[in-house]
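Written below as structure tokens is the structure these notes are about.
The values are calculated or read from the model by the stated rules, or taken from the named source; none is laboratory data. Just so you know, these numbers come straight off a predicted model, no measurement behind them. Note that each Cβ is placed from the backbone with ideal geometry, even for glycine, and that neighbours are counted across all protein chains shown. We work out accessible area using only protein heavy atoms, side chains counted, and drop any ligands, DNA or RNA first. Shrake-Rupley method; radii C 1.70, N 1.55, O 1.52, S 1.80 Å.
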Amino acid sequence: GGAIAINDMKPFAELKQRHKEYSEQKYELSRKAVEFIDEGDIIAIDSGSTAISLAEVIKSQFKRLTVVTHSLDVFEILRNCDGFEVLLCGGHYMQNENSFYGALTLDTLSKLHVQKSFVFPSAISLKYGIADFQCDLYQVQKKIIDISDNVYILADSSKFEKKALLKLEDMKT
């Protein structure tokens, strides 16, 4: 006899590593996600490796959008797009995630309203919900969810049925 421990806690990896992993899935998720965006929408995009893929797909498919983000990567991809208005929510800079967090970021977001938001958590589980690891970024994700009419959660298969430290939301049926 014997026992095997099943670890369903998703390990946290830094952005540089995550950007290389599951890149094809992230691209396909992004291609599907843009089907929910209409020309002229006001949207919010979270930070992370999937956010980078989504911004690249958005850049190639739209002519007019307003994009709110705390991701410096998303900002850099979209900032020179004619017809785009890009709002970068600054604050404290988190170098390893290339994004902003903290009171200034949260205060800026609290003054905004978006039609659609795209959030990229670290883990998704039917039992444990939608979760993330970074406390500072978790607060920003919660605020992005709060200011949006519609929330879209994008996650590659490595995040399915995993747990992370901080619960963003329960899975809604």
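Regarding E14, is this residue among the acidic types (D, E), modelled with pLDDT of 95 or more and exposed (fewer than 13 other Cβ atoms within 10 Å of the Cβ)? In short, no. Selection over segment 35-48 of residues that are crowded, with 23+ Cβ neighbours inside 10 Å and not aliphatic (A, V, I, L, M) gives a count of 3. Answer yes or no: is there a residue in segment 160-172 that is at pLDDT below 95 and surrounded by 22 or more Cβ atoms within 10 Å (Cβ to Cβ). Checking segment 160-172: at least one residue is at pLDDT below 95 and surrounded by 22 or more Cβ atoms within 10 Å (Cβ to Cβ). Of the residues making up segment 37-64, those that are in contact (Cβ under 8 Å) with a residue 40 or more places away in the chain and either in a strand (DSSP E or B) or not polar (S, T, N, Q) (or both) are I37, D41, I42, I43, A44, I45, D46, G48, A51, L54. Of V67, V34, all but one fail to be at pLDDT 95 or above and in a helix (DSSP H, G or I); the exception is V34.
Whenever a residue of segment 86-115 is without any contact (Cβ under 8 Å) to a residue 60 or more places away in the chain and in a strand (DSSP E or B), its partners that are charged (D, E, K, R) and crowded, with 20+ Cβ neighbours inside 10 Å, lying with C-beta atoms within less than 9 angstrom and at least six residues away or across chains, give the pairs S99/D46; S99/D73.
Can you name the residue in segment 106-115 that is open to solvent by 20 Å² or more (accessible area, probe 1.4 Å) and in contact with a helix residue (DSSP H, G or I) (Cβ under 7 Å, 6 or more places away or on another chain) and, of all such residues, is nearest to V151 (Cα to Cα)? Full working, then the answer.
Taking segment 106-115 first, the residues open to solvent by 20 Å² or more (accessible area, probe 1.4 Å) are 106-108, 110-113, 115.
From the residues that got through so far, the ones that are in contact with a helix residue (DSSP H, G or I) (Cβ under 7 Å, 6 or more places away or on another chain) too are 106, 110.
Details: L106: 18, S110: 16 Å.
Looking at residues that are open to solvent by 20 Å² or more (accessible area, probe 1.4 Å) and in contact with a helix residue (DSSP H, G or I) (Cβ under 7 Å, 6 or more places away or on another chain), I get S110.
When we screen N80, N150 for residues that are among the polar types (S, T, N, Q), open to solvent by 60 Å² or more (accessible area, probe 1.4 Å), assigned to a loop (DSSP other than H, G, I, E, B) and out of contact with any Pro (no Cβ under 7 Å at 6 or more places or on another chain), the only hit is N80.
Applying the criterion of being over 14 Å from V140 (Cβ atoms) and part of a loop (DSSP other than H, G, I, E, B) to the residues of segment 116-127, the residue that is least open to solvent (accessible area, probe 1.4 Å) is L126. Output the residues belonging to segment 131-147 that are surrounded by fewer than 21 Cβ atoms within 10 Å (Cβ to Cβ) and under 14 Å from V68 (Cβ atoms). The answer is I145, D146, I147.
When you look at K32, is it closer than 25 Å to K159 by Cβ, open to solvent by 10 Å² or more (accessible area, probe 1.4 Å) and basic (K, R), yes or no? Even if it seems obvious, please write down each step before you answer.
Values: closer than 25 Å to K159 by Cβ: yes; open to solvent by 10 Å² or more (accessible area, probe 1.4 Å): yes; basic (K, R): yes.
It is true that K32 is closer than 25 Å to K159 by Cβ, open to solvent by 10 Å² or more (accessible area, probe 1.4 Å) and basic (K, R).
Every test in (1) within 16 Å of V151 (Cα to Cα); (2) touching a residue at least 40 places away in the same chain (Cβ under 8 Å) is passed by A131 save one, and that test is (2).
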